[in-house]
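The values are calculated or read from the model by the stated rules, or taken from the named source; none is laboratory data. Keep in mind that this is a model prediction, so the values were computed, not measured. Counting neighbours? That spans all protein chains shown, and the Cβs are built from the backbone with ideal geometry, glycine included. Heads up: the accessible areas ignore ligands, DNA and RNA and are worked out on the full protein's heavy atoms, side chains in. Shrake-Rupley method; radii C 1.70, N 1.55, O 1.52, S 1.80 Å.
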Amino acid sequence: MGTCAVRKDPGICVNMSRSTSLQKVLGLVLLQQMLCSSVEIHLSVQEEQPEGIKIGRIAQDFPPPYNFLTSNKYMKLDTKTGDLYTTMHTIDREMCPQLPTTTGACLIQHLAVAGPDEEVIKVTVEVEDINDNSPHFPEEEVRLSMPEDVAVGTSFLLDDQAQDDDAGSNGELWYRLDDPDGFFSAKEAGPLLVVVVRRPLDREARDTHLLTVVATDRGVPSRSSTAILVVEVTDINDNCAAFRPDSPKSAFVRMDAPRGTAVTRVRAVDPDLGPNSVIIYSFSPKTSDKSRELFSLDSHSGQITLAGAIDSNGPAEYTLRILATGQSCPPVVTQVTVSILPAASQRPVMKIRYIAEHREGTILIEENQPPTVLALLELEDASPVKGAPSIAGEVPFFLRPQTGNYLLLTSKPLDFEQICKYHVSIRVEDSRLPGGREEMVITVIVLDVNDNAPQFQQPHYQVEVEENNAPGMTLVHIRATDLDSLLNGKVTYRLGPHTAAMFSIEPVTGRVSVAVTLDREHQEFHNFTVLARDNGSPALESTTSVSVRVLDQNDNEPVFANTDFIFFIPENFPRLGQVGVVGVRDPDAGGNGKVEVQVLNGSSPFMMDNARGTLRCVAEIDREMQDRYELWLLAHDGGHPSLSSTARVTIFVEDVNDNRPQVILPSSNLSCLTVSPATLTGATVTKIYAIDEDSGINADISYRMVASEPHRSSPFLIDARSGNVTLAQQLLLSDHGLHHLFIVVSDGGEPIPLQSSVWVNLLVNETQEPCTLSTVPMPVPFHFTHLPSQKTICEGDPSDVKYAQNILLVGLGMLVCSAIMLLGTVILFIKQRTLRKSHQKHVSKGCEIPLKLKETYSTVDWTDVQ
């Protein structure tokens, strides 16, 4: 399009567009023909295989080379052999975006060409599934509700089923339900989880059941996961109302009591919840009309009050039959006998004056208050009262007399969390009254204050979660309760100030989640605090600690210290000798991080010592056979599935001087060559050629002429480097005849070079007839272990012989001189000793020394002798 936009001629653009479209159509037609006529090959490979695993071979009836027509990062094709291998990109069956076949197979299809004619081969590789995925539930908690009257054997299908990303039997799930109380069990229904009721349920006895659901796949080995199943038992109307044992059976009221006076209150209960627990109170039809007119009954509270004026001529007692009716239940009946007491002129009158806060005749007091005055009780009576007022029952209240009246006080601080409402019954004993006493009931309500901090269910939470989790995953539910009421007992949650930003908590529910994917190799343990705070004023809070341990997954492949290792070893390396250290590590833990290394080249003379992490030699190494080895090492961990990596090792075999030079020319010691007497000085007569299978300095060959026959000075010389034998001087008549040259060939090995020898036989003669020998010359005494630079007498050099003879003569002369000097010294010493003894003898006799002896004696230098 850019080219057409530049050109001015629209016809040219149209022609080019048509040409391009025609090329595309022809290309599609050609591709279709290629596909229709191509050979199709089906191969298979398991997923998660390491790099370098052979999948199969596409070379059947076609010669090389082989190449893919389309790019393929998961498979590598050997262009020479047609073998198909896995690459560093792991094949994961679960990554198949769509299953292209009705069988659910995961297929990788590519086109390849083979041979010089580029025959098209359609390669289809089926990725076989392995059990590399564990089942997983959508949530950690699965909720199920059922009515308490559900029949035993009833089945419930769970909405939140576990999922497994594997295929075939690896993805088929079966369930197990762990219920220690035996109320429920699991029933297999294909891939679905069905919960079956095994025991009768009763919400009033237990409204929640916590079970563990275990989902296990059918792979080998199998994998499983768990979730908490919360079964909530809902209420049904299976209980009827019943009067409480403490519901009053009798009551009394003064004859002059005004209308609206509370007489008593009946109490019935229904264990059910909500509407099922609503109770309606009513008078029984058997209650007289006069009683109905005199008394009224609150249908919701059961409170009986005085509705009319009491007739002084009426009966002294009234019998009230009261019904309590629940939902869909027959009514229950109780009977209350109300006695009519004398009027105030005939009995004491108790009046109450409130001192503490009150509302509609009810005293209000905050909890935790010290003993407090609540009210003043005044007694008015036309006649003397025979008894003082008292409080009935064990309640934390008492009366204190004060100038004919009484104060009502608390005896100790009240606790809302224990009892939030008291009915204080004050009695006055009087024999004139029916029943012998007067009674007044005062209601005291305890008001809640924020005196309880939230309490966690656990002082410390320990959580274990596998790494590579999904972001937003729930880790744990933190729960705290507050015994206070209303806002004082409403708890909200927050994380401590030093908590990592990856963690969060829902303020109301206490659900702790992690926003990122955890990596055990980066950090294995996470610790933070959770604070629970109520809404009181002032607010109270408490803390708990949470420890999160990240469990390992096999998500790291072994890593070699180098991708290419290079080692040098000498030939003749000892068996089981250590070639070098191969460093490899896996940051995973446990079996996932346990690495074993093996040599992929099975025929190589090397193996891995995994205990020490070294490469060892297990066979003889000869550089002359092979001077370099290239190995591939495969490191795989112990995880499931196992991960692996490869490294290349190059081992260079260094030469050892273990081969003597081999003389190629002359071919034997009997070889003979005729030399013309007219040969010019300096001309090359023949050549010595030798080889050494060693390398380097060990193969550096030099040549020397050690001896010759006849023994006179040879007219031939040999070049130490080239081995060329040349004529050193003009041949004379005396040189005619057969010359035997003893040549020593040495290498440059250290510390001791190796040597070989050969006889070179030259016949100086005018004729050109072939020279033949029948016997080998006598061997020359020669030590081949001498260094080439050292010259010995055995080598036969005349100058060296003469020098050695001179040294020997000088040594013999010095030895003779030393012997003469020693002999003279001994003789002189003996002579001096004899003269001294003779002199001492003559002196002792008083004789004079003879003149001759005296002269001799005087000529001796005694100082030297001494």
Quickly run through the range 136-156 and pick out the residues that are surrounded by 13 or more Cβ atoms within 10 Å (Cβ to Cβ) and within 23 Å of M473 (Cβ to Cβ).
H136, F137, E140, E141, V142, R143, L144
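Looking at this structure, is S756 touching a residue at least 60 places away in the same chain (Cβ under 8 Å) and surrounded by 11 or more Cβ atoms within 10 Å (Cβ to Cβ)?
Working: touching a residue at least 60 places away in the same chain (Cβ under 8 Å): yes; surrounded by 11 or more Cβ atoms within 10 Å (Cβ to Cβ): yes.
Here the answer is yes, as S756 does meet what is asked.
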Answer residue from the range 574-602, given it is open to solvent by less than 30 Å² (accessible area, probe 1.4 Å) and in a loop (DSSP other than H, G, I, E, B) and is farthest from N556 (Cα to Cα) among those:
G577
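Is it the case that some residue within the range 252-262 is at pLDDT 90 or above and open to solvent by less than 40 Å² (accessible area, probe 1.4 Å)?
Our first condition is that a residue be at pLDDT 90 or above; within the range 252-262, this holds for none.
Checked the range 252-262: no residue is at pLDDT 90 or above and open to solvent by less than 40 Å² (accessible area, probe 1.4 Å).
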Residues located in the range 520-566, provided they are under 30 Å from R616 (Cα atoms), touching a Gly at 6+ places or on another chain (Cβ under 6 Å) and either surrounded by fewer than 16 Cβ atoms within 10 Å (Cβ to Cβ) or of a type in the set (S, T, Y) (or both):
A561
From the options S277, S284, residue that is among the small types (G, A, S) and either out of contact with any Gly (no Cβ under 9 Å at 6 or more places or on another chain) or at pLDDT 85 or above (or both):
S284
Of all residues in the range 263-294 being open to solvent by less than 30 Å² (accessible area, probe 1.4 Å) and among the hydrophobic types (A, V, I, L, M, F, W, C), which is farthest from H423 (Cα to Cα)?
L294
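Only one residue in S504, S545, S537 is small (G, A, S), in a loop (DSSP other than H, G, I, E, B) and over 22 Å from the mean Cα position of the chain (by Cα). Which one? Before the answer, list the steps.
Values: S504 fails: in a loop (DSSP other than H, G, I, E, B); S545 fails: in a loop (DSSP other than H, G, I, E, B).
After applying the criteria, what remains is S537.
Based on what the data block shows, is D159 assigned to a loop (DSSP other than H, G, I, E, B) and either among the basic types (K, R) or closer than 22 Å to H477 by Cα (or both)? Reasoning before the result, please.
Numbers: assigned to a loop (DSSP other than H, G, I, E, B): yes; either among the basic types (K, R) or closer than 22 Å to H477 by Cα (or both): yes.
Against the criterion (assigned to a loop (DSSP other than H, G, I, E, B) and either among the basic types (K, R) or closer than 22 Å to H477 by Cα (or both)), D159 qualifies.
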What is the number of the single condition among (1) open to solvent by less than 40 Å² (accessible area, probe 1.4 Å); (2) closer than 24 Å to N239 by Cα; (3) touching a helix residue (DSSP H, G or I) at 6+ places or on another chain (Cβ under 7 Å); (4) not basic (K, R) that Q327 does not meet?
(1)
How many residues, within the range 227-251, are of a type in the set (S, T, N, Q) and at pLDDT 85 or above?
3
Determine which single condition R612 fails, assuming it passes every other condition in (1) more than 26 Å from E48 (Cα to Cα); (2) open to solvent by 80 Å² or more (accessible area, probe 1.4 Å); (3) of a type outside the set (G, A, S); (4) touching a strand residue (DSSP E or B) at 6+ places or on another chain (Cβ under 6 Å).
(4)
Looking at (1) among the charged types (D, E, K, R); (2) assigned to a strand (DSSP E or B); (3) buried (at least 18 other Cβ atoms within 10 Å of the Cβ), which one does R321 not meet, given that it meets all the others?
(3)
Just to be sure I understand, how many residues within the range 261-282 are touching a strand residue (DSSP E or B) at 6+ places or on another chain (Cβ under 6 Å) and either over 27 Å from Q327 (Cα atoms) or of a type outside the set (K, R) (or both)?
10
Scanning the range 359-390 for residues that are under 25 Å from Q418 (Cα atoms), surrounded by 13 or more Cβ atoms within 10 Å (Cβ to Cβ) and modelled with pLDDT under 90 gives S390
